[in-house]
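See structure below.
The values are calculated or read from the model by the stated rules, or taken from the named source; none is laboratory data. Being a predicted model, the structure only gives us computed values, none of them experimental. Reconstructed Cβ throughout: ideal geometry from the backbone, glycine too, with neighbour counts over all protein chains shown. With ligands, DNA and RNA removed, areas are computed over all heavy atoms of the protein, side chains included. Shrake-Rupley method; radii C 1.70, N 1.55, O 1.52, S 1.80 Å.
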There are 4 protein chains.
Amino acid sequence: MIIVLKPHSTPEAVDHVLKRIEELGLTPHLSQGVARTVIGVIGDESKLQVEPLRALPGVEQVVPILKPFKLACREFHPEDSVFEVKGVKIGGGHLAMIAGPCAIEGEELLYETAVKVRDAGANILRGGAFKPRTSPYSFQGLGEEGLRILRRVGDALNMPVVTEVMDPRQVELVARYADVFQIGARNMQNFDLLKEVGKVKKPVLIKRGMSATVKDLLMSAEYVLAEGNREVILCERGIRTFEDSTRNTLDLSMVPNSKHTSHLPIIVDPSHATGRPELIPAMARAAVACGADGVHVEVHTCPEKALSDGPQALLPDQYARLMAELRRLAELLGRTIDVCEGVTA
Amino acid sequence: MIIVLKPHSTPEAVDHVLKRIEELGLTPHLSQGVARTVIGVIGDESKLQVEPLRALPGVEQVVPILKPFKLACREFHPEDSVFEVKGVKIGGGHLAMIAGPCAIEGEELLYETAVKVRDAGANILRGGAFKPRTSPYSFQGLGEEGLRILRRVGDALNMPVVTEVMDPRQVELVARYADVFQIGARNMQNFDLLKEVGKVKKPVLIKRGMSATVKDLLMSAEYVLAEGNREVILCERGIRTFEDSTRNTLDLSMVPNSKHTSHLPIIVDPSHATGRPELIPAMARAAVACGADGVHVEVHTCPEKALSDGPQALLPDQYARLMAELRRLAELLGRTIDVCEGVTA
Amino acid sequence: MIIVLKPHSTPEAVDHVLKRIEELGLTPHLSQGVARTVIGVIGDESKLQVEPLRALPGVEQVVPILKPFKLACREFHPEDSVFEVKGVKIGGGHLAMIAGPCAIEGEELLYETAVKVRDAGANILRGGAFKPRTSPYSFQGLGEEGLRILRRVGDALNMPVVTEVMDPRQVELVARYADVFQIGARNMQNFDLLKEVGKVKKPVLIKRGMSATVKDLLMSAEYVLAEGNREVILCERGIRTFEDSTRNTLDLSMVPNSKHTSHLPIIVDPSHATGRPELIPAMARAAVACGADGVHVEVHTCPEKALSDGPQALLPDQYARLMAELRRLAELLGRTIDVCEGVTA
Amino acid sequence: MIIVLKPHSTPEAVDHVLKRIEELGLTPHLSQGVARTVIGVIGDESKLQVEPLRALPGVEQVVPILKPFKLACREFHPEDSVFEVKGVKIGGGHLAMIAGPCAIEGEELLYETAVKVRDAGANILRGGAFKPRTSPYSFQGLGEEGLRILRRVGDALNMPVVTEVMDPRQVELVARYADVFQIGARNMQNFDLLKEVGKVKKPVLIKRGMSATVKDLLMSAEYVLAEGNREVILCERGIRTFEDSTRNTLDLSMVPNSKHTSHLPIIVDPSHATGRPELIPAMARAAVACGADGVHVEVHTCPEKALSDGPQALLPDQYARLMAELRRLAELLGRTIDVCEGVTA
């Protein structure tokens, strides 16, 4: 850590800072420059929080040197993390192809969609039973009945299933039905929820919050990892910017950026990011091309009747054409798309 | 609602849209323009969700006419809402002056701070017992012990107290100790938590999320109101933008903007918004000048030893000077700052 | 255009709006709904500006139906525009591979870099002679001497050259040396400059401003097109957001988004967007995968000695490896990368 | 400056960085920490640009210590700058009250508006003759005829006048008619224009760009100051964010923030920032309350017929009521609003 003092700091102010650092068991190194005095701090940076030192009189700036996350950091875990969910590998060159409707609306409809996306090459089935809706008057999901449907359809088709959990009180329930937990963008910093899923031994897919930096997302992953659950999958799904012709702004540079800093797999959700089906195939291709470990796409057999997010869903045929493109792209780039057990691709 | 069709839509596409609107029990009005066909929809707009219609083939744009919130809307409740907490009124010209440390760290420290802010004119005491920290390795709050301390200090000084609740499982516990619930910015769209505090008869202060629009914040208020709890206080605390010299960007136009649309009181938190104590007094003055119903300021007797957010806290003396300014300003503008029972201002 | 009136508008206010529309030679269509009165306007929307109508008493919202740009719009020009610069085609499946140093620093250095990028497959040479630098104390470019060097190197290697023009007074000078004008992000709404390059018959590459929407960029293109110059190339180079681990946030959804609305070619600059060389190859691949008509990359033989933007430059070897990947990707996707005359790829 | 090396840097990499610093005539101070090696650089930081050092192999981060602007910096000019324009002082407690129509549309109309705003207490008249419009099809201003009108009206009423200059070729012309140059938000980084107005001895009002940080704005001021013109007035007019219910997001914390760093006066434009007349008075009061050196408001006698930005203009009566409030506020806060010569306030 480096502490920069204000210009013309008094010797007393400097001494006060030095003493405080020593009280914390660390060693200060003083450098007097022409315009500023700078103090380098040697020792275990994790011992002290950066914040309080900024409050010391005479301190202008505190520059941390180490990253604030550890378990998520590639520095301490150089190889890509690879997880396996019912025979489908994610990470390290294996792509998770997650598809399904935004919300589970009924068993027949989900089954029909699931067969089509599986046949197109999807290897994980998604569907929401608990839906975080901006309006209290919108459809809020089928709840446990939705979870039961998802499990039955997944089992019938040998597909692992992912579904959102929104409330720490639901974690146990959702764990009984789902293979992968999803933490939605709005709950990315719902720390009690993160701790709760951290206690279960199931992979957790964390969606980036709409105003979260790469660092914020990795800190949220750290909450799960610190509880002992090492299977965290990151998901870029767009951030909020001034651009209003897409629902959000897909930040694809997040993919190589996050992989540079962290060993965790990262997938991309072009459906929520763009909100416009005509842009989804292009952005899915781009996601694979820049190194994403998977793509998450919403598919609905009749978008105009969907109870949630219909306008951004692809039709099953559109998804099948997209998957054909993504398979060729993955092959060119030396990546693998696992198929579900029993499926002959 | 207005539905704009794509150029050169076929008569079949137009018919399909018209039928769908009639199926929903509404009346479509067709206008054929030079370049576009437009359909106005008459009837109870709340019957249909705007979203799915965008998924109809041939539809280019759907323009809702009514606001998606009702209970929060001034259109249906023209007068300012005014709430009273232990004799302190908020809204309708009465200003809530909320002050205290970021986190409750101990009884003696809280008492000392509380006496000073009360003497300076604060009429609500704040302090966090459950702390949403970006890092799992940071101080997470004293929990129930913190709530007990807060209650005892509030009672000793006749000050109502506000504290954050982060988890639906804590709502009952926090309700036993707090006079006002705070929902933090990171939980603004934690809908299960909003529903839970909506069931309790205590005012709820909802902080605007870092990427929430005015509309989003009012929709979150609507979640609480729809459960039967009509005492919601909004709080502007800065949004995330590209500007990096302040912690967030305080969006003060939110204040008259929200008051134009909604009857709910709105207060301002310049501490979290700026993260820089030297900017807080100026922004607190601006908040009162633009019509805020209160100001929320963090105060600590020794910021450099604070366990959370020390660098952005004002010292008690600085707070007292600020309150003297704010009182003069409030008087000039014809607003009232209630004092706590038993205090002789 | 659709005009939504405020609730409870008086008949006088409604009449006033109707008269104003008729004065403008257009036909109003009145629809009285339960909660709002809505007026559809039929006729040549371009006759009236949307803005002033918002100022009419009683008007709540004005919703334009047509896009505000015409010449840039795909609706009026369905095929992709394709331009040719010294035998290199851009658009319609032909990719512009633009490479070179940020600033021209000397003839030998530029020649050395140009040979290497041409051999790697670049088909347009870039280099700045006039440099828009945030600080007045930074290197401002070699001016006309730089232009002369660029021209000589381009001619020696049969490469068309692109360089930035910053000032309307330089347009004639730059036109003598350059094959393609570049308008930098900071000048995207320098309308006098846009008009000036619109009068010259040379392609103009317009970089998206850091806070420009897709619509804003197309309006700037419209300024050039309206002057008679139909050869405009758009360039996505990142926008400003809260994310601070990259220099800007590359908005790749801009590519299919812009191509959906406009016939103009659009290329991507991952160098300025990310500012981090380790992220550039991934984002260049993503750009080609999502349909960009070219990639613009800064290359320097010794980044640590570059006079401008060194840290974001690729080394020639890194560029060569990237181009090999991009060629394979382009082939898979059925796109063509033209080679400069006389080069045997 | 502080240079942080990557973990496990080789001794060769460290040596290379040390040599480079010494070549630049500076003195490196090496500190070896547990996890990182850090090099402090002592000497005249302005000798070396920060950027190229980031490109050195082994360098992870370069942290500049000094601010990149000098003439604009309060560190080197502790007192507030105060300028005088035809008897009206700006800065150091004197408020510039700038008012007038967005565009000059005719002499009679401008005169009528000018009389009203002067009588209300405005002390500088504004009006655009050259208009930067997003669309090439919008009204572009009256040009020199507009300047002549502005000058005549200003002279008739003893009001100094401010008007926008957009093109370096217009600087001489505009200087013949205007008392203060305005640089619009879209031209804030039009560096050739900044240099040109820097050569004239007239105050320059620079509007903050929609995506400019405080630092960026001060760097643009530095361009003018470095040419010898020391009379720069900053102007906050809103930045681009995701919030879409206001035209831009007014960043009022910019006011105390900029005054903390710089001695230059800073005024606020709530008209462009909000785009909504009903929010302007509240934000103008907030501007004065947080320490702004003036307020810039658009006023039009008939907003619905305005040729530019009508919907955001105040009526003269609304402006007069606002000025009455601002005068009381200014008095309370100990600030002065100069009146134009010959006016008896």
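General observations
- Ordering B:HIS77, B:GLY93, B:VAL117 by the projection of their Cα atoms onto the charge dipole of region B:68-118, which places +1 on the Cβ of Lys and Arg and -1 on the Cβ of Asp and Glu, puts B:HIS77 at the extreme positive end.
- When only the Cβ of Lys, Arg, Asp and Glu is charged (+1, +1, -1, -1), the dipole of chain D relative to its Cα centre reaches about 200 debye.
- Aspartates and glutamates whose Cα lies under 12 Å from that of D:LYS116, excluding same-chain neighbours fewer than 8 positions away: D:ASP317
- For chain D, the Rg and Dmax computed from alpha carbons only, in angstrom: 23.2, 76
- Rounded to the nearest whole angstrom, the semi-axes of the ellipsoid equivalent to region B:55-118, taken from the Cα gyration tensor as √(5λ), stand at 45, 20, 8, largest first.
- What the Kirkwood sum gives for the protein assembly as shown is a hydrodynamic radius of 32.7 Å, with every pair of different alpha carbons counted.
- Where only alpha carbons of region C:97-255 are counted, the Rg and the Dmax (Å): 15.5, 44
- Solvent-accessible area, 1.4 Å probe, carbon plus sulfur percent, for the protein assembly as shown: 50
- Taking both sides together, the accessible area buried where A meets C is about 2700 Å² for a 1.4 Å probe.
- Residue (of D:PRO311, D:ALA284, D:LEU329) at the positive-pole extreme of region D:283-338, dipole from beta-carbon charges: D:LEU329
- Solvent exposure of region B:213-256, expressed per residue, is 21 Å² of accessible area, with all protein chains present and a 1.4 angstrom probe.
- Neighbourhood charge, 9 Å Cβ-Cβ cut-off, centred on C:THR261 and excluding it, Lys, Arg +1 and Asp, Glu -1: +3
- Reduction of at least 50 Å² in accessible surface, 1.4 Å probe, comparing all protein chains with the chain by itself, residues of region A:205-226: A:SER211, A:THR213, A:MET219, A:TYR223
- Net charge, B:ARG335 excluded, C-beta distance under 15 Å - Lys, Arg +1, Asp, Glu -1: +1
- Compactness ratio for region D:1-150: Cα radius of gyration over 2.2 N^0.38 Å (N = residue count) comes to 1.84.
- Calculated over region A:186-246, the projected area of the Cα convex hull averaged across directions stands at 4.0 nm².
- The angle between the Cα long axis of helix B:316-332 and the longest principal axis of the Cα atoms of chain B comes to about 50 degrees, rounded to the nearest 10.
- A:VAL299 long-range amide H proximity, modeled H, under 5 Å: A:GLY100, A:CYS102, A:LEU314
- The reciprocal of the average 1/r between distinct C-alpha atoms defines the Kirkwood hydrodynamic radius, which for region D:135-186 equals 11.8 Å.
- Its relative contact order, with pairs defined as Cα atoms under 8 Å and 6+ residues apart, puts region B:131-189 at 29 percent.
- Inter-part distance where region C:274-318 and region C:176-225 are each reduced to a Cα centre, Å: 22
- Straight-line cross-link partners of D:LYS89 among the aspartates and glutamates, defined as a Cα under 14 Å from its Cα and at least 8 positions apart when in the same chain: D:ASP80, D:ASP179, D:GLU231, D:ASP293, D:ASP338, D:GLU341.
- Rounded to 5, percent antiparallel among DSSP beta bridges of region D:154-241: 0
- Equivalent ellipsoid of region A:191-320: semi-axes from √(5λ) of the C-alpha gyration tensor, largest first, are 26, 17, 14 Å.
- When only the Cβ of Lys, Arg, Asp and Glu is charged (+1, +1, -1, -1), the dipole of region D:208-345 relative to its Cα centre reaches about 240 debye.
- Where only C-alpha atoms are counted, convex hull volume of region C:215-282 per residue in Å³: 93
- Computed over neighbours whose Cβ is under 15 Å from that of C:LEU142, the net charge equals 0, Lys and Arg +1, Asp and Glu -1.
- Under 21 Å from the Cα of A:LYS199 - lysines, other chains or at least 8 residues apart: A:LYS70, A:LYS86, A:LYS207, B:LYS131
- Kirkwood hydrodynamic radius computed over region A:76-191 comes to 14.9 Å, based on all pairs of distinct alpha carbons.
- The relative contact order of chain B, computed from alpha carbon pairs under 8 Å that lie at least 6 residues apart in sequence, is 17 percent.
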